[in-house]
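**Q** One structure, pasted below without further comment.
The values are calculated or read from the model by the stated rules, or taken from the named source; none is laboratory data. Everything numeric in this text was worked out from a predicted model, so none of it was measured. Glycine gets a Cβ as well: all are built from the backbone with ideal geometry, and neighbour counts include every protein chain shown. Accessible surface areas use protein heavy atoms only, side chains included; no ligands, DNA or RNA. Shrake-Rupley method; radii C 1.70, N 1.55, O 1.52, S 1.80 Å.
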Amino acid sequence: MQIDSINPNKKDAKNFELLCNMAELTALFEQKSSVSEFLQDVVRMVAGHMHADVCSVYLYNDTHGELLLRATKGLNHSQDGSVRLKPGEGITGKSFEESRPIREGRASQNPFFKPIPGIEEEQYQAFLAVPIRRGVNRIGVLTLQDKRPNVFTSQDTRALKAIASQLASTLENAEVLIELYQGQDASLKTLTEVDGTSPSSGIAIGSALILRTRTASFRTLPIPPREANFEFSETHELTRFAHALSHTKTQLEQMQQALDNRVAEVADLIFSAHLLMLRDEKFSGAMQEKIQAGSTADEAVISVVNSYVELFGRQENIRVREKAQDILDLGYRMVRNLAKLEHVKGDYSGQIIIVPDIFPSEVVKLSAQNAAGLVALGSGHTAHVALLARSLKLPALFVSEESVLSIQTGTPLIIDGNQDRLYVGPGSDVITRYETALRNSMGSSTAVIEGCKKDCFTTDGVDIQVMANVNLIQDVELALSCHANGIGLYRSEFPFLVRNDFPSEEEQTRLYKRVVDPMGDYEVVIRTLDVGGDKLLGAHQQYREANPFLGFRGIRFSLANIDIFREQIRAILRAGQGHRLKIMFPMISSLDEYEAAKDEVFRAMDELSKDELEFNDAPQLGAMIELPAAVEIAGELAEKTDFLSVGTNDLIMYTLAVDRTNEHIGGMYKSHHPAVLRVLSRLFKNVGTSINHLSVCGEAANHPALTKFLIGSGIRKLSVDPNKIPTLKTYISEQNTAAVSTFAQDLQTLSSIRDIEAYLDEQGVPYNHV
Ligand code: PEP
Ligand code: MG
């Protein structure tokens, strides 16, 4: 956990010291063996630094619909959850309900003041309550109380808010654990090949590991039988256990550190649930008790892990269920460490993971744990998990064949991303062939990148700008290696998606700087948060909708969750200082939405100058054209904006009414559909000469027929996945603008898919891309 950096000019020294000193808290967290102890240290430390008589943490419990007192320094009361407040009850409940800090000089004069019975709370005059939130998720309230009236200042409110925001993720996990403690009361088809959709051309060779079934029930760890001549020694088993526990902890901490270079977005978070469990004394204590009662260390670990997996796996809450997998991973790791099996490469090396569905954060975890590949049910067209797998270079295949879930663990598998195929139980000759292909493909992709052209001109000398779509920070390096003319689309929702939460303004600023800084003088288009549709956040669950693609998506979500939007804009402006920054709004359907979003940028600039922070005060502002509605108003949008970018992934989906993630209708999602070509032509006509300000950043920019069509229609700027830049540049440099212009005109005269495909066949232009 790191504390947000705070502008020292703006903070009083006492609070500044506390905020910067959060390393102290982290250290405490690492030493503590139980969640409750950790919470207790939090309140003790905050009360000490803030010189307050009382500091308490109340956590909101979904099941009870109440705030439960979970830790307090100063209130003489048990913290077992028996002190409860309804949202709206007392100053604490009010702060929670209204999601705002409340500071009272004399609490007893506040009409909402409601002392907790039995602890003479009236003696404390000054009261400060700050809600603990994680994006839209309300977690609880952090309070300070003091006998001296009027002792808390607005600086204290700011400091407490910053602490609450830093603690939010840990406290959220804490409540889940505490709640769980209290609550503790297809047959294998002969598959040989399965076709699917692969987001990349990667090859993976490994053995099958099914992580869970369709019903999300998690497999549990098998208990190994004891050897015939086994003699039990409690001391020996306890020693083995202690070693395995500390080794596991060290391994996880090292993995977390190593992750920072690969997936900076989540480095500090991805193994936090694992570590939290390890530090929880109830978890390890239960294992020790079992050993003392006669179990071997392995039996003890397995049985405790299994009981947790069952508990977590049974929960309604999807985010809690996700943690069952973390615990299972932890169990496997501990068992391996007990057996002293050194898996230097990580948990899943050599294994191809099969799951019915997958969260973006899980894709990152699997990649960090060196999984060889991933097979998931669903469509891989442009779904974000697919984009993520591609960025992480994790070979993946999305299939509709549910029987993959019945493949026996350990079965040899091969994913061939070039052929979009999974081989189940291939013979050794096939494996050898693929091993050679894998070695060659590694070498050749490096060669393709190294040989990538710097500039990109058509045969008749027209300059086409090829920019990069960046999902993860690590893509920036590839974009530079491929001489991208800038970043045409930074999908800023990825840090949110892979973390499954809302990073703070400071965290976002740091992450965006890692995108913008390496790009020097090149322009960088940062798109504001585009969640919703297939980009669901766990934390965003209250917006589960029957038709998420037609619901709270993109700019609609941001404008409705204005605090999140404002924080993000501030972070983008701060990170973009000194750079050619462009801010782009997704899913714009009206001028009104664009204006509202633009106003927020100006508002953020005002605020930032008042806060005396450095920021980019002249960003270019633009809108994505990804809805038919935006095509209709594109002329006016072009006048009001500094630039526009066509998101063909969505524009095709909304034009054809084909869900871009639905595997059953994937074949209907065609970028060369006549209606798509006509919508695009209509857009180009509507924007007129502003076509210079129009780029295309959807996947179709890289579909040969569409590349020709777009350049033939006057587009001069394309933005694609950085992996695709070398081949796209080569392809463009073989085109002649006069010829592609004729090609574009010819295509527009054709009105059926069949005719278009016949024409493309005749011209030798491929169109069956996924
Ligand atoms: C698009 O819709 O084409 C696009 C680039 O945005 P995303 O794929 O992130 O929805
Ligand atoms: Mg889109």
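**Q** Rounded, prolate or oblate: which fits region 494-645 when a ≥ b ≥ c are the square roots of the eigenvalues of the alpha-carbon gyration tensor, with rounded for a/c under 1.5 and prolate only if a/b beats b/c? Numbers along the way, then the final one.
**A** Working: a/c = 1.70, a/b = 1.17, b/c = 1.45.
Because a/c hits 1.5 or more and a/b fails to exceed b/c, region 494-645 counts as oblate.
**Q** Going Cα to Cα from Lys340, which aspartates and glutamates come in below 15 Å? Please leave out same-chain ones fewer than 8 positions away.
**A** Glu237, Asp298
**Q** Moving on to the next point. Along the Cα→Cβ direction, 7 angstrom out, place labels at Ala758 and Asp642. What is the inter-label distance in nm?
**A** Once both label points are built, they end up 4.9 nm from each other.
**Q** A further question follows. With contacts defined as alpha carbon pairs under 8 Å and 6 or more residues apart, what's the relative contact order of region 90-159 in percent?
**A** Numbers: 123 pairs, mean separation 23.8, N = 70.
With pairs under 8 Å counted, the relative contact order is 34 percent.
**Q** Would you list Ser233, Ser198 from the most to the least accessible area, probe 1.4 Å? Numbers along the way, then the final one.
**A** Working: Ser233 45, Ser198 10 Å².
Putting Ser233, Ser198 in descending order of accessible area: Ser233, Ser198.
**Q** Over region 515-667, what is the relative contact order in percent, taking alpha-carbon pairs closer than 8 angstrom and at least six residues apart?
**A** Numbers: 224 pairs, mean separation 32.8, N = 153.
21 percent.
**Q** For a Förster distance of 56 Å, can you work out the FRET efficiency between the beta-carbons of Asp617 and Glu402, rounded to the nearest 0.05?
**A** For R0 = 56 Å, the calculated efficiency reads 0.55.
**Q** Roughly speaking, what is the stretch gain from Glu607 to Leu591, that is 0.36 nm per residue apart minus the C-alpha to C-alpha distance, in nm to one decimal? List each step's numbers first, then the result.
**A** Values: separation 16, 0.36 × 16 = 5.76 nm, distance 2.43 nm.
Computed gain between Glu607 and Leu591 is 3.3 nm.
**Q** How many nm separate the modelled label positions at Lys393 and Glu632, each set 7 Å beyond the Cα in the direction of the Cβ?
**A** Roughly 4.6 nm, to one decimal.
**Q** Rounded to whole Hz and in sequence order, give me ³J(HN,Hα) for region 475-489 from the Karplus expression 6.51 cos²θ - 1.76 cosθ + 1.60, θ = phi - 60°, writing x for Gly and Pro.
**A** Ordered by residue, 3J(HN,Hα) equals 5, 4, 4, 5, 4, 5, 4, 8, 6, 5, 7, x, 9, x, 7 Hz.
**Q** For a 21 Å ceiling on Cα separation, which of these pairs sit above it: Lys249/Lys513; Lys86/Lys147; Lys453/Lys708; Lys249/Lys393? It would help to have the intermediate numbers written out before the result.
**A** On the way: Lys249/Lys513 31 Å; Lys86/Lys147 25 Å; Lys453/Lys708 19 Å; Lys249/Lys393 27 Å.
Exceeds cut-off: Lys249/Lys513; Lys86/Lys147; Lys249/Lys393.
**Q** Find how much the distance from Thr436 to Ser741 grows on full extension, using 0.36 nm per residue of separation minus their present alpha carbon separation; answer in nm with one decimal. Mind showing how you got there, number by number?
**A** Numbers: separation 305, 0.36 × 305 = 109.80 nm, distance 4.23 nm.
Full-extension gain reported as 105.6 nm.
**Q** Also: What is the calculated FRET efficiency for Asn547 to Glu310, with r their C-beta to C-beta distance and R₀ = 30 Å, to the nearest 0.05? Walk me through the numbers before you get to the answer.
**A** On the way: r = 34 Å, r/R0 = 1.14.
That gives a FRET efficiency of 0.30.
**Q** While we're here: Label-point separation (nm) for His236 and Asn418, each offset 7 Å from Cα along Cα-to-Cβ?
**A** Computed distance between label sites His236 and Asn418 equals 5.3 nm.
**Q** Something else: Please give the per residue accessible area of region 613-770, computed with a probe of 1.4 Å over protein heavy atoms only, in Å². Mind dumping the intermediate values first?
**A** On the way: 6190 Å² over 158 residues.
Computed with neighbouring chains in place, this is 39 Å² per residue.
**Q** Leaving out ligands, DNA and RNA, what percent of the accessible area of region 408-531 is carbon and sulfur, probe 1.4 Å? List each step's numbers first, then the result.
**A** Values: 2360 of 4710 Å².
Within region 408-531, the accessible surface is 50 percent carbon and sulfur.
**Q** Calculate what fraction, in whole %, of the accessible area of region 622-770 sits on carbon and sulfur atoms when a 1.4 Å probe is rolled over the protein chains.
**A** Numbers: 2800 of 5670 Å².
It is 49 percent, rounded to a whole number.
**Q** What's the FRET efficiency of His64 with Arg678 using the Cβ-Cβ distance as r and R₀ = 60 Å, to the nearest 0.05? Don't jump to the answer; show the numbers that get you there.
**A** Working: r = 56 Å, r/R0 = 0.94.
So, using R0 = 60 Å, E works out to roughly 0.60.
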